[in-house]
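Reviewing the structure listed below.
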Amino acid sequence: MTFLDGGAAALDHIEKQETDIVVSDFRMPEIDGAQLLEAVRLRSPGTARLVLSGNTEGRDLLGLAGIAHQVLGKPCRPDGLAQRLQHLLTARAAGLSPPLRNAVSGLPSLPCA
């Protein structure tokens, strides 16, 4: 795990090192969580994107629908966060080739069953 201070540092990190998951707060100075995760989606489509938000207003959640793979409300129990991270890592290791994983992860939304 790598912990970084702010969105700009996170974007710099994913440019230099392959990253499995980015977990971001929704409200941050300079680059907010939605802006960060959209940039991650474009620059590193195979990276899973999770946002933590204490703000659950409908318009904010709607904006995250095509950007984040998972949205968790705050406060969030550590074991709940750990379980979501494990699920994302398991899905990542499900055997998809990197090009296919990037294509699926980079989609703004997935079709309904």
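Every number here is computed from the coordinates shown, using simple stated rules; none is lab data. Keep in mind the model is a prediction, meaning the values are calculated, not measured. Reconstructed Cβ throughout: ideal geometry from the backbone, glycine too, with neighbour counts over all protein chains shown.
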- Calculate the spin-label point distance for L89 paired with T19, positioning each point 7 Å from the Cα along the beta-carbon direction, and give it in nanometres. 1.7 nm
- Query: Packing-wise, with mean Cβ within 10 Å as the measure, how do 81-94, 39-52 rank, highest first?
  - Reply: 39-52, 81-94
